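Participant: Handing you this structure, nothing more for now.
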Amino acid sequence: GHAGVYSKSENRLLTDDTLYGVGSISKTYTAAAMMKLVEQGRVSLDAPVTRYPPGFKMADERYKQITVRMLLNHSSGLMGSSMGSGLLFDDPSEAAADQLLERLAIQRLKADPGAYSVYCNDGFTLAELVVEAVAGTSFREYLQTNIFDKVGLKETYFPSDDFESRRADIYQPGDQRPLPKDCLGVVGAGGLYATAEDLATFGGALTKQGLLKKSSLDDMAAPEYANGLWPEEGPDALAFGLGW
């Protein structure tokens, strides 16, 4: 079923092939890609990140304590989002991801790795680079082969793909003019596009064995938020897993 309209200026209904930016749900795809490598014994969740992408260093010796798990549960201690030119209109540049290691090299951490979790886009961009370094291929190619094709996702795209005629318009509040195509160059943190059906198909794959082993699904849904320094649980408590 569908609700709403395609745009404010066209009398056009939403259809099965309408595309939407899924935003930070992209992080769950990144976590699933990482768990595939964990299952293959090529990545260890509790290994230091320095083992994987060559050239990862920071102006803070504590960076050597950051593990892959900490990237996926937001507890790395990284500053957050240092993605200059990361969100552009009609420009699918991935320079923000390509330049992450260069930017991190002059940064310090805001907390000891693992101390507590604060939402961190850079952690997932770094996870994207881990996947590329270990797999020896582009993040796009790895997702296509190991996630999209395995699950049967036919309508999931990167910003560089040609799908503009099917993208539901987006707007600034109070403005009737649609915005151009928004391209998040740090795809592993938030750049994917999909139809509602493809997104639901991926979600379904993470509720049963098939794409991943049960042990991996259990690890992703584990109460990572219970580790480190956390306030008392309540209705506002964030509950991070791995990618979830």
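The values are calculated or read from the model by the stated rules, or taken from the named source; none is laboratory data. Just so we're clear, the structure is a prediction, and the values are computed from it rather than from any experiment. Glycine also receives a Cβ, built like all others from the backbone with ideal geometry; neighbour counts cover every protein chain displayed. We work out accessible area using only protein heavy atoms, side chains counted, and drop any ligands, DNA or RNA first. Shrake-Rupley method; radii C 1.70, N 1.55, O 1.52, S 1.80 Å.
Participant: So Ser117 ticks every box in (1) closer than 30 Å to Thr67 by Cβ; (2) in a loop (DSSP other than H, G, I, E, B); (3) at pLDDT 95 or above; (4) not aliphatic (A, V, I, L, M) but one. Which box is left unticked?
Facilitator: In the conditions (1) closer than 30 Å to Thr67 by Cβ; (2) in a loop (DSSP other than H, G, I, E, B); (3) at pLDDT 95 or above; (4) not aliphatic (A, V, I, L, M), Ser117 misses (3) alone.
Participant: Sticking with this one: Can you pull out every residue in the stretch 145-170 that is basic (Lys, Arg) and in a loop (DSSP other than H, G, I, E, B)?
Facilitator: Lys154
Participant: Sticking with this one: Looking at Pro173, Pro180, which is the one that is outside any helix (DSSP H, G or I) and in contact with a strand residue (DSSP E or B) (Cβ under 7 Å, 6 or more places away or on another chain)?
Facilitator: Checking each option against the conditions leaves just Pro180.
Participant: If the requirement is being modelled with pLDDT of 95 or more and of a type in the set (Ser, Thr, Tyr), which of these qualifies: Tyr142, Tyr225?
Facilitator: Numbers: Tyr225 fails: modelled with pLDDT of 95 or more.
Of Tyr142, Tyr225, the one residue that is modelled with pLDDT of 95 or more and of a type in the set (Ser, Thr, Tyr) is Tyr142.
Participant: Hey, another quick one. Among the residues of the stretch 90-101, is any within 18 Å of Tyr142 (Cα to Cα), at pLDDT below 95, open to solvent by less than 50 Å² (accessible area, probe 1.4 Å) and part of a helix (DSSP H, G or I)?
Facilitator: Yes, that holds for at least one residue.
Participant: Restricting attention to the stretch 183-198, which residues are open to solvent by 50 Å² or more (accessible area, probe 1.4 Å) and either aliphatic (A, V, I, L, M) or in a strand (DSSP E or B) (or both)? Please lay out each step first, then the result.
Facilitator: Step one: filter the stretch 183-198 for residues open to solvent by 50 Å² or more (accessible area, probe 1.4 Å), giving 196-197.
Within the stretch 183-198, Ala196 is the sole residue that qualifies.
Participant: Considering each of Lys64, Lys8 in turn, give the residue that is outside any loop (DSSP other than H, G, I, E, B) and either modelled with pLDDT of 95 or more or open to solvent by 70 Å² or more (accessible area, probe 1.4 Å) (or both).
Facilitator: Answer to the check: Lys64.
Let's see how each residue does on (1) free of Cβ contacts under 8 Å to residues at least 12 places away in the same chain; (2) buried (at least 18 other Cβ atoms within 10 Å of the Cβ); (3) assigned to a helix (DSSP H, G or I):
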{"residue": "Asp16", "(1), (2), (3)": "no, no, no"}
{"residue": "Ser24", "(1), (2), (3)": "no, no, yes"}
{"residue": "Tyr29", "(1), (2), (3)": "no, yes, yes"}
{"residue": "Leu37", "(1), (2), (3)": "no, yes, yes"}
{"residue": "Val43", "(1), (2), (3)": "no, yes, no"}
{"residue": "Pro53", "(1), (2), (3)": "no, yes, no"}
{"residue": "Met58", "(1), (2), (3)": "no, yes, no"}
